[in-house]
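Please read the structure below before turning to the comments.
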Amino acid sequence: MNNLILTKKILDWYDNNKRILPWRKKCSQKKREYFTLVSEFMLQQTQVATVIPYFNNFIKNIPNLVSLAKINEKKLLKYWEGLGYYSRAKNLKKTAKIVISQYKKKLPITLDELKKLPGIGEYTARAILAIAFNKPYLPMDGNVERVVKRLFNLKSKTEISKENLIKKKNFLGTSDRAGDYAQAIMELGALICKPKKPLCKKCPLTKNCKSYKKQDFEIAVKSNKKIDKFYAVKIFTKGNKILLIKNTKFNFLKNLKIFPMEEISKPKSLKKSLNFKMSNMNMNINIKVMKRTSSIANSSWIEQAKFSSYTLPTFTKKIFSSLDKYL
Ligand code: SF4
């Protein structure tokens, strides 16, 4: 396989098939850097289709690094509400402040410097360098990984090890259109080389693809099972108010309000449990509603009618919307 031919095939496909996404539109270098930074933070853990309206609203209200560095946390979290993983929003703001104070309002252009910024790991740093600065980096997200695994039909534990995937990914080469090339491979994975039913007939790589030759599209994965966790949630009511406490349990929801809850052992029956799939666990929740007049530490009474105006974790909102059954 000649990687120059592969590169051309992938880029030609991208030029004709790429999605129109708000962070891809033509703009100044300054905006490109800001759009890339915000979109890459939002895309960590979240699908493109979900991110689009959040990105548009965020950019409309926080149009540049300076406004991001200055915005108060409550407003910032409001624009992030529903995307989850709120530490991303807080880190984004911290990064904006550092870029303004230490890098003259311009994102640094080395992998090491970028990785020192809050919320930026290996993948995001590579994506920023490729997309915002057209540097020859190829970040490995789930889509790229799937294309690489299928292209080379990688199956065994050694073949799908991180080191081997990086080695194989490097075989895809790079281009003087590095930003487009990185996005092209991600896009190919997202739109064509889909997890369940790859659309090989529309793929530019059928002649090069070992999985296509074998008609074997099963993706080998490292076992990474989500664990089941069980919680008892207490809903305290006082008239039309409901009690929330400051979260100290879940690191990724720092300082947000949740209902009082305790982890419990697996109940005999899960029939009455609400289930929420988080990225690292299946959360099973048993709800008890009871009247209460006194407060508890770090808590506040919230009017039920105003519940939706608070920035709250998605699972807390879901619990609230299921309460009709219990109240
Ligand atoms: S030919 Fe099919 S399996 Fe191979 S990379 Fe393309 S879409 Fe994926």
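Every read-out reported here was derived from the displayed coordinates using simple, explicitly stated rules and does not represent laboratory data. As the structure is a computational prediction, the values presented were derived from the model and not from experiment. FYI the Cβ positions are ideal-geometry reconstructions off the backbone, even for glycines, and counts take in every protein chain you see.
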Q: Please name which of Leu92, Phe217, Ile285 has its Cα lying farthest along the dipole of the chain towards the positive end, using unit charges on Cβ (Lys, Arg +1; Asp, Glu -1) and the Cα centre as origin.
A: Ile285
**Q.** the stretch 115-144: trypsin sites (Lys or Arg not before Pro) in DSSP coil with no more than 15 other Cβ atoms inside 10 Å
**A.** Lys116
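Relative to the Cα centre, what is the charge dipole magnitude of the chain, using +1 at the beta carbon of each Lys and Arg, -1 at the beta carbon of each Asp and Glu, and rounding to the nearest 20 debye? It would help to have the intermediate numbers written out before the result.
Working: 69 positive and 23 negative charges, 120 e Å.
For this selection, approximately 580 debye.
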Q) If you place +1 on the Cβ of every Lys and Arg, -1 on the Cβ of every Asp and Glu, and leave all else neutral, what size is the dipole of the stretch 227-325 about its Cα centre, to the nearest 20 Debye? A) 180 debye
Q. Amide H neighbours of Ile264 under 5 Å, counting only residues 5+ apart in sequence or on other chains, H built in-plane at 1.01 Å?
A. Phe230, Tyr231, Ala232
(Q) Between the stretch 263-327 and the stretch 162-215, what is the separation of their alpha carbon centroids in Å? (A) 42 Å
**Q.** Convex hull volume per residue for the stretch 1-111, taking Cα atoms only, in Å³
**A.** 138 Å³
(Q) Which one, Ser308, Asn247, Ile128, projects farthest toward the positive side of the charge dipole computed for the chain from Cβ point charges (K/R +1, D/E -1)? (A) Ser308
Q.
Along the charge dipole of the stretch 176-270, pointing to its positive end and built from +1/-1 on Cβ of Lys, Arg, Asp and Glu, which listed residue (Gly189, Leu270, Leu256) has its Cα farthest out?
A. Leu270
Q) Residue-wise, which Karplus ³J(HN,Hα) couplings in Hz belong to the stretch 129-144, taking 6.51 cos²θ - 1.76 cosθ + 1.60, θ = phi - 60°, and x for glycine or proline? A) 4, 6, 7, 7, 10, 6, 8, x, 10, 10, x, 9, 9, x, 5, 5
(Q) Place a point 7 Å from the Cα of Leu199 along the Cα-to-Cβ direction; which residues of the stretch 1-39 have their backbone N under 18 Å from it? (A) 10-21
Q. Among the listed pairs Lys226/Lys271; Lys70/Lys116; Lys266/Lys306; Lys116/Lys194; Lys90/Lys318; Lys135/Lys194, which are separated by more than 30 Å between their Cα atoms?
A. Lys266/Lys306; Lys116/Lys194
Q: Determine, for each peptide in 131-141, 286-296, the mean count of other beta carbons within 10 angstrom over its residues, then list the peptides with the highest first.
A: 131-141, 286-296
Q: Rounded to the nearest 500, what is the 222 nm mean residue ellipticity of the chain from helices alone, with -39500 (n - 2.57) per DSSP H run of 4+ residues and division by all residues?
A: -12500 deg cm²/dmol
**Q.** Cα centre as origin, Lys/Arg/Asp/Glu Cβ charges: the stretch 97-173 dipole, Debye
**A.** 80 debye
Q: Return one quarter of the surface area of the convex hull spanned by the alpha-carbon atoms of the stretch 185-327, equal to its mean projected area, in nm².
A: 12.9 nm²
Q: Pairs of Cα atoms under 8 Å, at least six residues apart: use those to get the relative contact order of the chain, whole percent.
A: 16 percent
Q. Relative contact order for the stretch 227-325 using alpha-carbon pairs under 8 Å, separation at least 6, rounded to a whole percent?
A. 38 percent
Q.
Could you work out the percent of alpha carbon pairs in the stretch 3-214 separated by over 32 Å, rounded to a whole number?
A. 20 percent
